[in-house]
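Colleague: One structure, pasted below without further comment.
The numbers here are math on the coordinates, done by the rules we state, and not lab data. Note that this is a predicted model, so its numbers are computed, not measured. Here Cβ is always computed from backbone atoms with ideal geometry, including for glycine, and neighbour counts include all displayed protein chains.
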Amino acid sequence: MSEIYDLIILGGGPAGMTASIYASRAGLSYLMIERAYPGGQAVYSAEIDNYPGLPGITGTELADRFAKHAERMGTHWITDEVTDLDLGETVKTVHTIAGEYKTLNLLICTGASPRRLGIPGEEEFSGRGVSCCAACDGAFFKDKDTAVIGGGDTALADAIYLAGICRTVTVIHRREVFRGNPSLQNRLEGFSNIRYLMSSEPLSIDGREQVESLQVQTPEGIVTIPVDGVFIAIGVLPNSRLFIGKLDTAPGGWILTDRHMRTSIAGVYAAGDVRDTPLRQVLTAAADAAVAVEAIIST
């Protein structure tokens, strides 16, 4: 563990794997640290239709292709969890559960995690009818009644996916109109088993051993919707807890960077969903990582 790497990459999502590919091509000594499994949020997508050349690919399939590409390039990665960081010196130190690693450059690709509703029943029924991943858990609700909460791209894509296998899908959105891409909104029209509760908000998720119903505040009053599954798709929060107070961040904890992905500390970069960016998609995460590694190489 005494080796000083040229680069340590934190996170194994699309940004992290792209960074490892570029680092391999450049001949850098590097290490990618991922606390769980490669893929990031991409694995939660039932279908990705905006990644060039691979229309309709599932998030899991795309993540697998990224991982196989990185492995073919000789990616050096470990499964471990970062507990702290020393960023003030020329040589940065990454502390993990297993030990510590030193590097001249650090690239933060820790991504983001699903935002929670904060209502009764959400935590209690997690894994027992409450999910943030239709692609992962939708098959458990075949021919059952489900609800999707949200109005962005993820929520609409989840509703489309679930409508193909579930008896009914109720989409609950707090606004009068959806924020999701018009192409997704157009596809919703092809399903007769989807209904909509607009200008509405969930109040509680109820049941005994499993989810049985959802209390919703609608313009007409509180209604109870019998459901077997509730899929939450209301946005994401940055996985930036370890960097708060160490790096400059925007409101909400998003890491601030310049156009070369440099943060407020020399030698520390950020790429993908964890940084302050107007668009968080697989394509932009990969592009961020490519820019970051090129900046590291040219420094």
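Colleague: Be a star and scan the range 252-278 for residues whose amide nitrogen sits under 16 Å from the point 7 Å along the Cα-to-Cβ vector of ALA26.
Modeller: Only 258-263, 266-272 fall inside the zone, counting backbone N under 16 Å.
Colleague: Explain nothing, just the number: relative contact order of the chain, from Cα pairs under 8 Å at least 6 residues apart, as a whole percent.
Modeller: Here the relative contact order equals 20 percent.
Colleague: Taking amide H atoms as placed 1.01 Å from N in the peptide plane, list the residues 5 or more away in sequence, or in a different chain, whose amide H sits under 5 Å from that of ALA98.
Modeller: Here GLU81 satisfy the definition.
Colleague: Would you kindly derive the ³J(HN,Hα) couplings of the range 171-179 from the backbone phi angles with the Karplus curve 6.51 cos²θ - 1.76 cosθ + 1.60 (θ = phi - 60°), listing them in order in whole Hz, with x for Gly and Pro?
Modeller: Residue by residue, the range 171-179 yields 9, 10, 9, 6, 9, 7, 10, 6, 9 Hz.
Colleague: Counting Lys and Arg as +1 and Asp and Glu as -1, each charge on the Cβ, what is the dipole of the range 1-139 about the Cα centre in debye, to the nearest 20?
Modeller: 340
Colleague: Would you mind ranking GLU209, GLU47 so that the residue whose beta carbon has the fewest other beta carbons within 10 Å leads the list?
Modeller: Ascending Cβ contact count within 10 Å gives the list GLU209, GLU47.
Colleague: Suppose R0 equals 25 Å. What FRET efficiency, 1/(1 + (r/R0)^6) with r the Cβ-Cβ distance, do ALA250 and GLU61 give to the nearest 0.05?
Modeller: Efficiency for this residue pair is about 0.15.
Colleague: Compare the Cα positions of ILE172, SER131, GLY221 along the charge dipole of the range 130-232 (+1 at Cβ of Lys, Arg; -1 at Cβ of Asp, Glu; about the Cα centre) and return the one farthest towards the positive end.
Modeller: ILE172
Colleague: Per-residue HN-Hα couplings for the range 260-277, Karplus 6.51 cos²θ - 1.76 cosθ + 1.60 at θ = phi - 60°, whole Hz, x for Gly and Pro?
Modeller: 9, 6, 7, 8, 6, 10, 4, x, 10, 10, 9, 9, x, 5, 6, 8, 6, 8
Colleague: Positive end of the charge dipole of the chain (Lys, Arg +1 and Asp, Glu -1 on Cβ, about the Cα centre): tell me which of LEU283, VAL230, VAL43 has its Cα farthest that way.
Modeller: LEU283
Colleague: Report, in degrees rounded to the nearest 10, the 0 to 90 angle that the Cα long axis of helix 14-26 makes with the longest principal axis of the chain.
Modeller: 20
Colleague: Which trypsin sites (Lys or Arg not before Pro) from the range 252-284 combine a DSSP loop assignment with at most 14 other Cβ atoms within 10 Å?
Modeller: Loop-located and lightly packed - ARG259.
Colleague: Suppose we keep just the DSSP beta bridges with both residues in the chain; what percent of those would be antiparallel, to 5?
Modeller: Roughly 45 percent of the DSSP beta bridges within the chain come out antiparallel.
Colleague: With +1 on the Cβ of every Lys and Arg and -1 on the Cβ of every Asp and Glu, and nothing else charged, how large is the dipole of the chain about its Cα centre, in debye rounded to the nearest 20?
Modeller: Dipole magnitude for the chain comes out near 440 debye.
Colleague: I'd like to know which of ALA15, TYR5, GLY53 lies farthest towards the positive end of the charge dipole of the range 1-76, counting +1 on Cβ of Lys and Arg and -1 on Cβ of Asp and Glu.
Modeller: Of the options given, the answer is TYR5.
Colleague: Now for a separate question. Near the amide H of CYS132, under 5 Å away, which other amide H atoms are found, from residues 5 or more places off or on another chain, if H is placed in the peptide plane?
Modeller: Residues meeting the amide H criterion: ILE232.
Colleague: Specify the angular offset, from 0 to 90 degrees and rounded to the nearest 10, of the alpha carbon long axis of helix 153-163 from the longest principal axis of the alpha carbons in the chain.
Modeller: 50
Colleague: Taking R0 as 51 Å, what's the FRET efficiency between LYS102 and SER192 from their Cβ-Cβ distance, rounded to 0.05?
Modeller: Efficiency computed from Cβ-Cβ geometry: 0.30.
Colleague: Still on this structure: Can you list residues from other chains, or at least 5 along the same chain, whose modelled amide H is less than 5 Å from the amide H of VAL236?
Modeller: ARG115
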